[in-house]
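Report on the following structure.
Throughout, read-outs are computed from the coordinates displayed, never taken from laboratory work. No experiment lies behind these values; they were computed from the predicted model shown. We place every Cβ from the backbone using ideal geometry, glycine too, and count neighbours over all the protein chains shown.
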């Protein structure tokens, strides 16, 4: 397993971070075994969010953490996701989500906390102040934003610097080998070519969500069990070529196309960590192996363009 340094996070973060959205579909014993395997394979962080499973993901993760495992794994938590009533980027929503997450996770501190969505109508300085208040009381450590545009992140960091405090340590925007036809969900941010340059220049860490195209590289856009959303977002000629090249390179390396796609997401000229979803022990083990795969610049370019 390779690692990345995230400012304000106490230990190195594994280049792959385990996602927890799927946990409510599993039994607690299955979750426990997967988390044990994740840590055993070198994983140091797990990604969760207040909205995952209506809070059930955090409860299942918390059951494992509370059974003497808290020091084994760091938490990337997220809150202030919008709901049916509209935007929730408010000081009260942040306070409530952090409070409920800590209770569910059976802990008193979240090492890295990201706002799950942005609301451009809210002055960025106010958002930084709210997050800083949580940091000062110790409920969260480093902070940042998921699905935040680069311009808003830059403005947040300029405001924080003016106050002499640490700004956004990380973002979590979409990035992966598969290109998207359209947004998977409202309010998400996909990394552009210009964004890549900014991340490389600024050194800001991005936790790429859906780096494996939500199962596109595993065949979930076709066959009798097709995922309609995966097909809607990822089925196109460019992605068909990228998947074929990932599988070809995988055969040459004795790996799967899925593992190559995962390796692509973290072998970038900017600081990149990939969020990966795993539904069973085999997928956890395959994911941890992908973190050790190194790709050359030529291989990355060939996977993208075929040239």
Notebook entry, point to check: Measuring from label point to label point, each 7 Å out along Cα→Cβ, what is the residue 2 to residue 161 span in nm?
Noted result: 2.8 nm
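Grab the DSSP H runs of the chain that are 4 residues or longer, score each as -39,500 (n - 2.57), total them, divide by all residues and round the 222 nm result to the nearest 500 deg cm²/dmol. The partial results should precede the final answer.
Numbers: 11 runs with 128 residues, N = 307.
Mean residue ellipticity, 222 nm, calculated: -13000 deg cm²/dmol.
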Next item on the list: Provide the descending list of Cα extents for the stretch 196-307 along its principal axes, expressed in whole angstroms.
Entry: 44, 33, 29
Notebook entry, point to check: Relative to the longest principal axis of the chain, what angle (0 to 90°, nearest 10) does the C-alpha long axis of helix 124-137 take?
Noted result: 80 degrees
Notebook entry, point to check: Can you give the translational diffusion coefficient of the stretch 3-305 in µm²/s, computed by Stokes-Einstein from the Kirkwood radius over Cα pairs at 37 °C and 0.692 mPa s?
Noted result: 168 µm²/s
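Mind giving me the FRET efficiency for residue 232 and residue 300? R0 is 25 Å, r the Cβ-Cβ distance, nearest 0.05 is fine. Numbers along the way, then the final one.
On the way: r = 27 Å, r/R0 = 1.07.
It comes to 0.40.
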Next item on the list: Please give the helix 193-202 orientation as an angle from the longest Cα principal axis of the chain, in degrees from 0 to 90, rounded to the nearest 10.
Entry: 60 degrees
Checklist line | Helix 91-105 axis, angle to the chain major axis (alpha carbon atoms, nearest 10°) | finding: 70 degrees
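What ranking do 94, 102 get, fewest neighbouring Cβ atoms within 10 angstrom at the top?
Numbers: 94 22, 102 19.
Ranked by crowding around the Cβ, least crowded first: 102, 94.
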Checklist line | Average Cα contact separation per residue, the chain, under 8 Å, 6 or more apart, as relative contact order % | finding: 19 percent
Next item on the list: Give the distance, in whole Å, between the Cα centre of the stretch 77-134 and the Cα centre of the stretch 245-307.
Entry: 32 Å
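Just need the Rg to Rh number for the stretch 116-185, please, alpha carbons only, Kirkwood Rh. Write out the running numbers ahead of the final one.
Working: Rg = 13.5 Å, Rh = 13.1 Å.
Rounded to two decimals, Rg over Rh is 1.03.
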Notebook entry, point to check: So how many Å³ per residue does the convex hull of the Cα atoms of the stretch 97-254 work out to?
Noted result: 162 Å³
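For residue 252 and residue 99, what does the FRET efficiency come to when R0 = 41 Å and r is the distance between their Cβ atoms, rounded to the nearest 0.05? Can you show the working numbers first?
Numbers: r = 51 Å, r/R0 = 1.23.
Result of the calculation: an efficiency of 0.20.
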